[in-house]
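The values are calculated or read from the model by the stated rules, or taken from the named source; none is laboratory data. Since this is a predicted model, take the numbers as computed values, not measurements. For neighbour counting, all protein chains shown are included, and Cβ atoms are generated from backbone atoms with ideal geometry for every residue, glycine included. Accessible surface areas use protein heavy atoms only, side chains included; no ligands, DNA or RNA. Shrake-Rupley method; radii C 1.70, N 1.55, O 1.52, S 1.80 Å.
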Amino acid sequence: MTTTTELDARTPGLNLGSDVLYLSKQNVLDLAISRAEIIGYTRDALVEHGHQRYEMPAKIGVHPYPEVFFHAMPAYVPGKNAVGCKWIECYPNNPAKFGLPQTTGLMVINDVESGVPVAIMDSTWVTAMRTPAVTVLAAAKLHPGAETFGMFGCGVQGKEHVRYAAEALPDLKTVYVYDNREAAADALIAELQGQVPFTLVKGESIEAVVKSSEVLSSATVILKEPLAAVKDKWVSAGQTILPCDLNTFWDPKTTKRADKYIVDSIEEHELFANMGYFPGGLPTIVAEIGEVIADVKLGRENSDQLIVNSNIGMAVCDVVVGRAIYDRAIAQRIGTTLAL
Ligand SMILES: NC(=O)c1ccc[n+]([C@@H]2O[C@H](COP(=O)([O-])OP(=O)(O)OC[C@H]3O[C@@H](n4cnc5c(N)ncnc54)[C@H](O)[C@@H]3O)[C@@H](O)[C@H]2O)c1
């Protein structure tokens, strides 16, 4: 039997089973975890996923209004000693209606051996960080050497995608950004131009961005009925498309005709399809991105292939990053200890 002393030795500063560490967004920021480190944790999570060394049931959710969702996202990744659950909402009208983010949430991290909760943390930051980390890891693998990148949506995710592209895509020369609120694209460029090693250009139109970029990503809104803002005829052979917003932004014809349609989780995509997203049906999925990152399955096989990789977000990434945050917080004695 494990004694309390042994448990406390694993997490000095926390009385396991009696206390839980609360980490606010500011606490998480104070840990100063770098984007390079987040990319490393996210790669580890994807490799574990690619080798099927995880447990992650598809998200379950509740839906108070049409087009909004709350998701419970549990996962266990034994190789990273990470178990927990993220509880997240997506309310697309929050920014316009309340001046609040589309996506906020909390995450609980548990002790694997005893099961007790050890940390409760803001998950807004984790979500803002691990999502672009997945995109740039996929971009580096599926489209090495890319010199041009197009980003649709210049909000929380759009900005972080540009920052993460600077970390992981060393050959980029130009990044085009586009937002239907022009001020958002202007603000992104004003904030980041001096901080990234490539030129940031405000896209003149969606068509111009698509036709100028080898690799493209979108983080706009997730809707059941596709906006099809990108016309299929603008997309050409050899491009790599990495949506974070399911197939909302893209013409479903493009995802259907892609040479490879890769997703982060087949189960998650099937779940969304069953909820009414992908009204024309899911394209045929050839691999999960973790399998490609882990070299279990092939990604790009020649420079002419059109590849679409849809990543809707996986709890394995959240709990691996969350566990790293918790370990760092314990080591740095950051956070507030609360009684359970
Ligand atoms: N795949 C994942 O793991 C994951 C994780 C987090 C968020 N998301 C999704 O990413 C999207 C963006 O999230 P966020 O937190 O950055 O939101 P945000 O509100 O901060 O930013 C979204 C931006 O997209 C712009 N936009 C909306 N509709 C557009 C359109 N039709 N054309 C061009 N621009 C448009 C908005 O003006 C805004 O600037 C959401 O759909 C969210 O659900 C996905």
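Quick notes on this one:
- Only one entry of 32, 82 meets the criterion of being closer than 19 Å to residue 335 by Cβ, open to solvent by 50 Å² or more (accessible area, probe 1.4 Å), away from the ligand (no atom under 11 Å from the Cβ) and not assigned by TED's automatic domain parsing to the domain that holds residue 168, and that entry is 32.
- Scope the stretch 207-217; condition crowded, with 17+ Cβ neighbours inside 10 Å, small (Gly, Ala, Ser) and not in a loop (DSSP other than H, G, I, E, B); matching residues: 217
- Test for residue 285: is it touching a Phe, Trp or Tyr at 6+ places or on another chain (Cβ under 7 Å), in a loop (DSSP other than H, G, I, E, B) and of a type outside the set (Lys, Arg): yes
- Reported count of residues in the stretch 286-332, each being within 16 Å of the ligand (Cβ to nearest atom) and farther than 18 Å from residue 134 by Cα, is 0.
- Selected residue (criterion: nearest to the chain's Cα centre (by Cα)) from residues of the stretch 308-328 that are surrounded by 24 or more Cβ atoms within 10 Å (Cβ to Cβ) and among the aliphatic types (A, V, I, L, M): 314
- Which listed residue, of 150, 145, is of a type outside the set (Asp, Glu) and within 12 Å of the ligand (Cβ to nearest atom): 150
- Residue within the stretch 243-251 that is within 10 Å of the ligand (Cβ to nearest atom), assigned by TED's automatic domain parsing to the domain that holds residue 305 and either part of a strand (DSSP E or B) or surrounded by fewer than 19 Cβ atoms within 10 Å (Cβ to Cβ) (or both) present: yes
- Test: residue in the stretch 10-28 that is at pLDDT below 95, of a type in the set (Gly, Ala, Ser) and open to solvent by 50 Å² or more (accessible area, probe 1.4 Å): yes
- With respect to the conditions (1) open to solvent by 30 Å² or more (accessible area, probe 1.4 Å); (2) of a type outside the set (Ser, Thr, Tyr); (3) closer than 25 Å to residue 68 by Cα; (4) at pLDDT below 95, residue 272 falls short on a single one, namely (1).
- Whichever residue in the stretch 169-206 is in a helix (DSSP H, G or I) and of a type in the set (Asp, Glu) and, among such residues, is nearest to residue 133 (Cα to Cα): 191
- Residue check, residue 303 surrounded by fewer than 18 Cβ atoms within 10 Å (Cβ to Cβ), closer than 24 Å to residue 251 by Cβ and modelled with pLDDT of 95 or more: yes
- When residue 225 is tested against (1) in a loop (DSSP other than H, G, I, E, B); (2) within 11 Å of the ligand (Cβ to nearest atom), just one condition goes unmet, and that condition is (2).
- When the stretch 149-168 is filtered for residues that are buried (at least 22 other Cβ atoms within 10 Å of the Cβ) and not in a helix (DSSP H, G or I), the ones remaining, listed by number, are 149, 150, 151, 152, 153, 154.
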